[in-house]
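Colleague: Handing you this structure, nothing more for now.
The values are calculated or read from the model by the stated rules, or taken from the named source; none is laboratory data. Worth saying up front: this structure is predicted, and the values here are computed from it rather than measured. Note that we place each Cβ from the backbone using ideal geometry, even for glycine, and neighbour counts take in every protein chain shown.
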Amino acid sequence: MKKVRWGVIGSGGIARRRTIPEGIVAAENAKLVAVCDLNPAANAEVARAFGVRAADSVAALLQSDIDAVYIATPPGVHLVQASAAARAGKHVLCEKPLGMTVAEAGKMIAVCRDAGVKLGTAFMMRFHAQHRAALQLIQSGRLGRPVLARAQLSCWYPPIKDSWRQDPVLGGGGSLMDMGGHCIDLLEMLMGPPSALSCAINTTVHGYQVEDSAVVTLQFANGALGIVDAFFCIPDESSLNALELYGSQGSILARGTIGQGDRGEMVACLRETAAGYDAQQLRSTAAAVPIDPAPKNTYEAEIEEFSQAVLDGREPANNAQIGLQSQRVLAACYESARTGRRISLASNA
């Protein structure tokens with residue numbers, strides 16, 4: 001099998017924990033060749049661990065014999081690094097968000113298009129096997145008319161010295177930008193694009209400059225409503241990381257599928273047809289059916305999809321347009337939080 005040769009910009013953090021070992025190394029159509037990071041010692045350790053070359057700069061990495069780069073650095077440098085990679089003829093898979101703003105995401109798309117290379121967005125939760133199974137049920141009409149979707153992702157993230165996620169200059173935002181973006185994108189995959197939204201953010205517990213609390217209410221173009229809640233100030237063990245999907249014929253409910261793992265608990269309680277009114281309003285869980293397809297590592301799946309798109313010369317499913325859409329929606333969220341107004345997405349397209 002042909003393999004795409006990968007380089008990594010930002011080899012620490014999520015790249016070291018997840019994307020390199022579970023994604024690039026595990027994928028059948030990918031091969032890790034070189035890594036670079038601002039921290040030379042940490043980069044050298046990653047290179048030794050995986051038997052690859054440690055590049056001492058982005059320029060040196062881009063001069064090596066690679067086909068694609070995975071960018072896992074703070075959003076503040078995404079535009080510069082993606083542009084350099086594109087001009088070097090390398091395909092780019094970039095962690096979300098694509099840059100800091102809608103404008104930066106647009107520039108990343110333009111420079112990659114002009115260079116004739118592919119640009120992808122690393123929304124790995126789109127590849128979760130249970131999320132894909134839920135999507136199939138919705139697309140087949142089993143949920144009926146979509147009514148409500150909720151996605152929750154919270155964690156305990158106290159002040160940490162030099163953390164870019166707590167610095168608005170480097171990260172662009174807090175819990176909404178970092179975790180809420182994943183949740184909104186997942187709901188868009190399942191429900192389609194939102195037409196309007198309202199958002200509230202707050203610094204409730206922690207004293208850093210970005211929000212540690214965010215709630216978004218969405219109205220989707222198909223008429224369904226949505227809720228996203230993302231917090232940096234709730235203990236890890238206290239958050240269900242829930243996904244709830246409701247329709248006129250039932251529900252799909254999950255715990256723990258939203259996150260970095262590849263499985264959780266998901267059940268469907270679906271009727272075949274609409275029923276009459278039940279004055280007793282009885283509730284029973286007996287009709288709930290587990291949704292438990294064979295798990296697939298989400299990082300491996302996202303690398304395999306992008307690599308195959310490179311090999312086939314086609315647009316990847318994890319493309320740049322979902323990253324641009326995410327930036328548009330997030331920008332509308334922050335505008336709503338700032339102004340207290342409901343925002344129409346048509347005006348932000």
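Colleague: For residues that are within 20 Å of Asp236 (Cβ to Cβ) and of a type outside the set (Ser, Thr, Tyr), tally how many sit in the stretch 131-164. First the steps, then the outcome.
Modeller: Initially, the stretch 131-164 is screened for residues within 20 Å of Asp236 (Cβ to Cβ), giving 150-160, 163.
Then keep just the ones that are of a type outside the set (Ser, Thr, Tyr); that gives 150-153, 155-156, 158-160.
Number satisfying all stated conditions: 9.
Colleague: Something else: Could you pull out the residue among Gly226, Gly247 that is surrounded by 19 or more Cβ atoms within 10 Å (Cβ to Cβ), touching a helix residue (DSSP H, G or I) at 6+ places or on another chain (Cβ under 6 Å) and closer than 16 Å to Gly192 by Cβ? Spell out how you get there, then give the answer.
Modeller: Working: Gly247 fails: touching a helix residue (DSSP H, G or I) at 6+ places or on another chain (Cβ under 6 Å).
Unique residue meeting the criteria: Gly226.
Colleague: Quick test for you: out of Leu143, Leu137, Leu176, Leu187, pick the one residue that is in contact with a helix residue (DSSP H, G or I) (Cβ under 7 Å, 6 or more places away or on another chain) and part of a helix (DSSP H, G or I).
Modeller: Details: Leu143 fails: part of a helix (DSSP H, G or I); Leu137 fails: in contact with a helix residue (DSSP H, G or I) (Cβ under 7 Å, 6 or more places away or on another chain); Leu187 fails: in contact with a helix residue (DSSP H, G or I) (Cβ under 7 Å, 6 or more places away or on another chain).
Among Leu143, Leu137, Leu176, Leu187, only Leu176 is in contact with a helix residue (DSSP H, G or I) (Cβ under 7 Å, 6 or more places away or on another chain) and part of a helix (DSSP H, G or I).
Colleague: Same structure again: Working only within the stretch 155-200, note down all residues that are closer than 21 Å to Leu218 by Cα and more than 16 Å from the chain's Cα centre (by Cα). Give the derivation first.
Modeller: Start the filter on the stretch 155-200 by keeping residues that are closer than 21 Å to Leu218 by Cα, which leaves 173-200.
Listed by number, the residues that qualify are Pro194, Ser195, Ala196, Leu197, Ser198, Cys199, Ala200.
Colleague: Please give the number of the condition Arg314 fails out of (1) in the same structural domain as Asp178 (by TED's automatic domain parsing); (2) basic (Lys, Arg); (3) assigned to a loop (DSSP other than H, G, I, E, B).
Modeller: (1)
Colleague: Next up: Within the stretch 102-124, can you find the residues that are closer than 13 Å to Gln325 by Cα and β-branched (Val, Ile, Thr)?
Modeller: First, the residues of the stretch 102-124 that are closer than 13 Å to Gln325 by Cα: 102-106, 109, 120-121, 123.
Listed by number, the residues that qualify are Val102, Ile109, Thr121.
Colleague: Scan the stretch 110-132 for residues that are surrounded by fewer than 16 Cβ atoms within 10 Å (Cβ to Cβ) and of a type in the set (A, V, I, L, M) and jot them down.
Modeller: Of everything in the stretch 110-132, just one residue is surrounded by fewer than 16 Cβ atoms within 10 Å (Cβ to Cβ) and of a type in the set (A, V, I, L, M), namely Ala110.
Colleague: Show the residue pairs meeting these rules: Cβ distance below 8 Å; 6+ apart or different chains; first residue within the stretch 305-319 and surrounded by fewer than 20 Cβ atoms within 10 Å (Cβ to Cβ); second residue of a type in the set (D, E, K, R) and assigned to a helix (DSSP H, G or I).
Modeller: Ala317/Arg126; Ala317/Glu305
Colleague: With respect to Leu119, is the statement that it is closer than 22 Å to Glu302 by Cβ, at pLDDT 95 or above and not assigned by TED's automatic domain parsing to the domain that holds Ile14 true? Full working, then the answer.
Modeller: Numbers: closer than 22 Å to Glu302 by Cβ: yes; at pLDDT 95 or above: yes; not assigned by TED's automatic domain parsing to the domain that holds Ile14: no.
It is false that Leu119 is closer than 22 Å to Glu302 by Cβ, at pLDDT 95 or above and not assigned by TED's automatic domain parsing to the domain that holds Ile14.
Colleague: Only one of these is in contact with an Asp or Glu (Cβ under 7 Å, 6 or more places away or on another chain), surrounded by 18 or more Cβ atoms within 10 Å (Cβ to Cβ), small (Gly, Ala, Ser) and within 16 Å of Val92 (Cβ to Cβ): Ala34, Ala27, Ala72. Name it.
Modeller: Working: Ala34 fails: in contact with an Asp or Glu (Cβ under 7 Å, 6 or more places away or on another chain); Ala27 fails: within 16 Å of Val92 (Cβ to Cβ).
Testing whether each residue is in contact with an Asp or Glu (Cβ under 7 Å, 6 or more places away or on another chain), surrounded by 18 or more Cβ atoms within 10 Å (Cβ to Cβ), small (Gly, Ala, Ser) and within 16 Å of Val92 (Cβ to Cβ) leaves just Ala72.
Colleague: Also: Within the stretch 182-223, which residues are surrounded by 17 or more Cβ atoms within 10 Å (Cβ to Cβ), of a type in the set (Gly, Ala, Ser) and more than 25 Å from Gln260 (Cα to Cα)?
Modeller: Once the filter is applied, which keeps residues that are surrounded by 17 or more Cβ atoms within 10 Å (Cβ to Cβ), of a type in the set (Gly, Ala, Ser) and more than 25 Å from Gln260 (Cα to Cα), the stretch 182-223 yields Ala196, Ser198.
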